[in-house]
1. Would you mind stating whether Gly130 is in contact (Cβ under 8 Å) with a residue 60 or more places away in the chain and buried (at least 19 other Cβ atoms within 10 Å of the Cβ)?
2. Could you tell me whether Ala45 is farther than 20 Å from Thr84 by Cα, out of contact with any Asp or Glu (no Cβ under 7 Å at 6 or more places or on another chain) and buried (at least 19 other Cβ atoms within 10 Å of the Cβ)?
3. Determine if the stretch 154-167 includes at least one residue that is more than 17 Å from Val77 (Cα to Cα) and in contact (Cβ under 8 Å) with a residue 24 or more places away in the chain.
4. Can you work out which of the residues in the stretch 68-94 that are among the acidic types (Asp, Glu) and at pLDDT 95 or above is farthest from the chain's Cα centre (by Cα)?
5. Among the residues of the stretch 6-17, which ones are closer than 17 Å to Arg56 by Cβ and either at pLDDT below 95 or surrounded by 17 or more Cβ atoms within 10 Å (Cβ to Cβ) (or both)?
6. Starting from residues that are of a type outside the set (A, V, I, L, M) and surrounded by 18 or more Cβ atoms within 10 Å (Cβ to Cβ), keep the ones in the stretch 150-177 and report whichever is farthest from Ala125 (Cα to Cα).
7. Check Leu26 against each of (1) buried (at least 18 other Cβ atoms within 10 Å of the Cβ); (2) more than 15 Å from Val82 (Cβ to Cβ) and name the one condition it does not meet.
Amino acid sequence: MATRIADSADVDPSAHVGDGSSIWHLAQVRDGAVLGVDCVVGRGAYIGSGARVGDRCKIQNYALVYEPAVLEDGVFVGPAAVLTNDTYPRAVNPDGTLKSAHDWEAVGVTLRTGAAVGARAVCVAPVTVGRWATVAAGAVVTKDVPDHALVAGVPARRIGWVGRAGVRLEDIGGGGWRCPATGETYQQTGDGLTLVTANEGDE
């Protein structure tokens, strides 16, 4: 399937946009950015220079993905969410001169496979959001999020677990958890969860 890029979108010629992906109105994809196949970049979204976006990701309207962010396959970034890249943000140096690209080192946010970041949430680099984890709308993530964790608040804290369907899991005892939507079961291992039984037909 061919890519679809709106006339008003600004996609740098050096960016790579995979087959079947859609870049909507007023979105900007900077130089060297890489988007996989079947991605959707919403209206007014920003993908920074050299950012890496996997296959089948959805980056919703006005989301800001600053380099050097890495999004693995199947990631969701909600409307107006922000992935930052400056640990010590300043406009000027101590001597009052305007900071340039040489005066700071960009650090990125990593979103693992299947992770979701809710609307207006902020991920403060450098953090990693684990596989199939969910960051609630409006949360501010300042430390790494385990696989399958559901985090919320400012700063974000774990309030539960979610499965691959994004639905909050039910406690079945003994460190086990079950998805009420799919029937999949998970086992708590340290700070995260591991899938034990998948849907029929899944590997």
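The values are calculated or read from the model by the stated rules, or taken from the named source; none is laboratory data. This structure is a prediction, so every number in the text was calculated from the model and none was measured. Positions of Cβ are backbone-derived with ideal geometry, glycine not excepted, and every protein chain shown enters the neighbour counts.
1. Taking the combined requirement at face value, the residue satisfies it.
2. In short, no.
3. Checked the stretch 154-167: at least one residue is more than 17 Å from Val77 (Cα to Cα) and in contact (Cβ under 8 Å) with a residue 24 or more places away in the chain.
4. Result: Asp73.
5. Val17, the sole residue that qualifies.
6. Per the criteria, the residue is Trp177.
7. All conditions are met except number (1).
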